[in-house]
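Engineer: Got a structure for you, written out below as structure tokens; questions coming shortly.
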Amino acid sequence: MKAAIIYPHSTATPSGATLRLNQLIAFLAPRMEALEVFLPDPAGERLVGNVRYFSEPYVSQAGEAWLDFAPVTDPDASPDAALGEVTLQLLLLAKQRPNPLGVLGISSASLDILWSFYRLFSHRKIMATVREMVARADVVFIEYPHSARWIAPLCRASGALSIVTAHDVLAKTSPDEGAVISWIWEMEKEGMRAADRACAVSPVDAAFFTQAGVPTETVISPIDCRKAAEPPDPEIVRALRDKYQLEPDGKPTALFVGGSWFINQDAVRSINEMRSVLPDWTFVLAGGCAPPGRVGNLLSLGILSEEELRAVYHLVTVVLVPIRAGTGCSTKFIEAMAHGKPILSTGIGSRPYPVKHDREVVLAEVSEFPARLNELLADPARRERLGRAAADFVQPYHFEKVFETYWQWMEEHRVRSGK
């Protein structure tokens, strides 16, 4: 059996979605005759084992005004092509400073989401690559519903099983209201409805789509429990400890891991407020949520390798998840659990995993975080108990167990199609 994965975002900045993507590749590669993966990265084509990566950035490396985009059909004959062009021009206008569309209640974040539904369709070279990938595949994984409305019909024509995964509910994630959200929501539902199988990474999101008339199953975001349990490289631990004065038994440290999405930016603002009332703590940021640097007791490490992040988990006292909004799965939360760390999180930051307060995690409002941190610092035995309970909790969420659902769907399709 041959499979293809269409992933719409660059992997240059790690995120929960890229973590899930890597786990999906690790699950499929040993089970497939061949696996092809499309990424909008500049790396070009490469073969790793039986996995062939096709990479083509949406824009040139010079970033020249999105000139790589051209409708795949005549705009006069295709309403989608015309709408894509309008959306792109609005997005470029909104990204000006100041945002001239702000007075209309339309943010560049919402337009960026909307443009994502047209971005792949509007790129001739990428669509040509995707068409060829679909023609060779028995099953096509469409990560995010952005491009499902273009790719699922290709799958149907070639006899390939199409599986679309909603990593979140984009219409609920957008910071705006009104007509632009309705537009996003209709496009999102259409993408989910187009595929043979629609799934969401959260049961709450799956229920939301299903109630809207789009039957959706849950394939929750998993974690690699075995890899997380491996001890970190002692040389990397030593280098990070010495460079940043991070000592497991020294000054207490609280870690937040997050990408560049605006919800994580809000978390960083909350941490900035916390650090002023907790001068004895060092607050550590990892990922694209903040540029590297140090300001007082706030240390931002920037984007880390997998090995570096594992070492940071080893060095810190507590992991923070001060998230106030969001849909989908909080992959940063289950990742911290798999590393056996005590976690202080909001309720939404732990979504959708059924954890209990003070059993596997400490749950609190962001305003309560300073007091809860000091309580954890004063009770090493409690921190140890929470860390062990967290590591035990995630065992059923190992990626090879969770993704068995995908394998069942693929086997059912193989039997029906006779392939």
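The values are calculated or read from the model by the stated rules, or taken from the named source; none is laboratory data. Bear in mind that the values here come from a model prediction, so they are computed numbers and not experimental data. No Cβ is skipped: glycine too gets one built from the backbone with ideal geometry, and neighbour counts run over all protein chains shown. Heads up: the accessible areas ignore ligands, DNA and RNA and are worked out on the full protein's heavy atoms, side chains in. Shrake-Rupley method; radii C 1.70, N 1.55, O 1.52, S 1.80 Å.
Engineer: If one puts a single equal scatterer on every Cα of the range 235-294 and applies the Debye formula without solvent, what log₁₀ I(q)/I(0) results at q = 0.14, 0.15, 0.17, 0.25 Å⁻¹?
Structural biologist: With one equal scatterer per Cα and no solvent, log10 I(q)/I(0) is -0.43, -0.49, -0.62, -1.11.
Engineer: Right, another one. Please report, for the Cα atoms of the range 254-359, the Rg to one decimal and the Dmax as a whole number; what are they, in angstrom?
Structural biologist: Spelled out, the Cα radius of gyration and Dmax of the range 254-359 are 12.9, 36 Å.
Engineer: Report Leu19's accessible area, 1.4 Å probe, all protein chains in place, as a number in Å² to the nearest 10.
Structural biologist: Approximately 40 Å² for this residue.
Engineer: Now a separate question. Rg to Rh ratio, the chain, alpha-carbon atoms and Kirkwood radius?
Structural biologist: On the way: Rg = 22.0 Å, Rh = 22.6 Å.
Rounded to two decimals, Rg over Rh is 0.97.
Engineer: Would you calculate, for the chain, the mean residue ellipticity at 222 nm contributed by helices, counting each DSSP H stretch of 4 or more residues as -39,500 (n - 2.57) and dividing by all residues, to the nearest 500? Mind showing how you got there, number by number?
Structural biologist: On the way: 17 runs with 185 residues, N = 419.
Value at 222 nm, helices only, nearest 500: -13500 deg cm²/dmol.
Engineer: Within the chain, what percent of beta bridges assigned by DSSP are antiparallel, to the nearest 5? Walk me through the numbers on the way to the answer.
Structural biologist: Working: 6 of 48 bridges.
Within the chain, antiparallel bridges account for around 10 percent of the total.
Engineer: How large a share of the accessible area of the range 120-214, in percent, is made up of carbon and sulfur atoms when the probe is 1.4 Å and the other protein chains stay in place? Don't skip to the answer; put the middle values down first.
Structural biologist: Working: 1730 of 3290 Å².
Taking all protein chains in place, the range 120-214 shows 53 percent carbon and sulfur surface.
Engineer: Using a 1.4 Å probe and ignoring any ligands, DNA or RNA, find the accessible area of Arg359 and quote it in Å² to the nearest 10.
Structural biologist: Using a 1.4 Å probe on the heavy atoms, I get roughly 120 Å².
Engineer: With r as the distance between the Cβ atoms of Gln211 and Ala128 and R0 = 25 Å, compute the FRET efficiency 1/(1 + (r/R0)^6) and round to 0.05.
Structural biologist: On the way: r = 38 Å, r/R0 = 1.50.
The value I calculate is 0.10.
Engineer: While we're here: I need the phi-derived Karplus couplings for the range 175-189: 6.51 cos²θ - 1.76 cosθ + 1.60, θ = phi - 60°, integer Hz, Gly and Pro marked x.
Structural biologist: Karplus values, whole Hz, x for Gly and Pro: x, 9, 9, x, 4, 5, 5, 4, 4, 4, 5, 5, 5, 5, 5.
Engineer: On a 1.4 Å probe surface of the protein chains, which of Phe399, Phe262 comes out largest in accessible area, and what is the full order? Walk me through the numbers before you get to the answer.
Structural biologist: Working: Phe399 10, Phe262 70 Å².
I get Phe262, Phe399, largest accessible area first.
Engineer: Along the charge dipole of the chain, pointing to its positive end and built from +1/-1 on Cβ of Lys, Arg, Asp and Glu, which listed residue (Ala171, Val366, Val237) has its Cα farthest out?
Structural biologist: Val237
Engineer: If you place +1 on the Cβ of every Lys and Arg, -1 on the Cβ of every Asp and Glu, and leave all else neutral, what size is the dipole of the chain about its Cα centre, to the nearest 20 Debye?
Structural biologist: Numbers: 43 positive and 50 negative charges, 81 e Å.
Roughly 380 debye for the chain.
Engineer: If you don't mind, there's one more thing I want to ask. If the cut-off is a Cα-Cα distance under 19 Å, which lysines reach Lys189, setting aside same-chain residues fewer than 8 apart in sequence?
Structural biologist: The qualifying lysines are Lys172.
Engineer: Can I ask one more? Quick one: ranking His314, His398 by accessible area, 1.4 Å probe, largest first, what do you get?
Structural biologist: Final ranking, largest accessible area leading: His314, His398.
Engineer: Quick one: length gained pulling Lys356 to Val295 fully straight, 0.36 nm per residue minus the C-alpha distance? Kindly include the intermediate steps, with their values, before the conclusion.
Structural biologist: Working: separation 61, 0.36 × 61 = 21.96 nm, distance 3.46 nm.
Full-extension gain reported as 18.5 nm.
Engineer: Charges at C-beta only: +1 for Lys and Arg, -1 for Asp and Glu. How large is the resulting dipole of the range 213-368 about its Cα centre, in Debye rounded to 20?
Structural biologist: On the way: 16 positive and 19 negative charges, 39 e Å.
Using Cβ point charges on Lys, Arg, Asp and Glu, the range 213-368 gives about 180 debye.
Engineer: How about the range 330-419: which GluC sites (Glu not before Pro) there lie in a loop by DSSP and see at most 14 other Cβ atoms within 10 Å?
Structural biologist: Working: sites: Glu335, Glu360, Glu365, Glu368, Glu375, Glu384, Glu400, Glu404, Glu411, Glu412; in loops: Glu360, Glu365.
Here the sparse-neighbourhood loop sites are Glu365.
Engineer: Using the alpha-carbon atoms, what tilt in degrees (0 to 90, nearest 10) does helix 262-277 show relative to the longest principal axis of the chain?
Structural biologist: 10
Engineer: Next question, about the same structure. Could you compute how much accessible surface Val204 exposes when probed at 1.4 Å, giving the result in Å² to the nearest 10?
Structural biologist: Probe radius 1.4 Å; accessible area of Val204 about 90 Å².
Engineer: Right, next: Which angle from 0 to 90°, rounded to the nearest 10, does the C-alpha axis of helix 404-417 make with the longest principal axis of the chain?
Structural biologist: Its long axis makes an angle of about 20 degrees.
Engineer: A further question on this structure: For Glu247 and Ala26, what does the FRET efficiency come to when R0 = 35 Å and r is the distance between their Cβ atoms, rounded to the nearest 0.05?
Structural biologist: The calculated FRET efficiency here is 0.55.
Engineer: Right, here's the next one. Order Arg269, Arg275 by their accessible area, 1.4 angstrom probe, all chains in place, largest first. Show your work: numbers first, answer last.
Structural biologist: Details: Arg269 135, Arg275 55 Å².
Greatest to least solvent exposure: Arg269, Arg275.
Engineer: Next question, about the same structure. Express the accessible area of the chain per residue in Å², computed with a 1.4 Å probe while the remaining protein chains stay in the model. Walk me through the numbers on the way to the answer.
Structural biologist: On the way: 17830 Å² over 419 residues.
For the chain, the per-residue accessible area is 43 Å².
Engineer: What is the distance in Å between the Cα centroid of the range 142-187 and that of the range 334-358?
Structural biologist: Centre-to-centre (Cα) distance: 28 Å.
Engineer: State to the nearest 20 debye the size of the charge dipole of the range 117-253 about its Cα centre, where the only charges are +1 on K and R beta carbons and -1 on D and E beta carbons. Spell out each step's value before the answer.
Structural biologist: Details: 17 positive and 19 negative charges, 108 e Å.
Taking the Cα centre of the range 117-253 as origin, the dipole is about 520 debye.
Engineer: For the range 331-419, list log₁₀ I(q)/I(0) at each q in 0.18 Å⁻¹, using the Debye formula over Cα point scatterers of equal strength and ignoring solvent, two decimals each.
Structural biologist: Computed log10 I(q)/I(0) values: -0.77.
Engineer: Now a separate question. Can you give me the C-alpha center-to-center distance between the range 370-400 and the range 299-328, rounded to a whole angstrom?
Structural biologist: 15
Engineer: Of Ile271, Ser107, Trp150, which is farthest along the charge dipole of the chain in the positive direction, counting Lys and Arg as +1 and Asp and Glu as -1 at C-beta?
Structural biologist: Farthest towards the positive end: Ile271.
Engineer: I want to check the label-to-label distance for Ala325 and Asp280. Put each point 7 Å from Cα in the C-beta direction and report it in nm to one decimal.
Structural biologist: 3.6
Engineer: Going by alpha carbons, how many degrees (0 to 90, nearest 10) lie between the helix axis of 380-393 and the longest principal axis of the chain?
Structural biologist: In the chain, helix 380-393 runs at an angle near 20 degrees to the longest axis.
Engineer: Give me the percent of accessible area attributable to carbon and sulfur for the range 232-332, probe 1.4 angstrom. Show your work: numbers first, answer last.
Structural biologist: Values: 2240 of 4210 Å².
Ligands and nucleic acids excluded, carbon and sulfur reach 53 percent.
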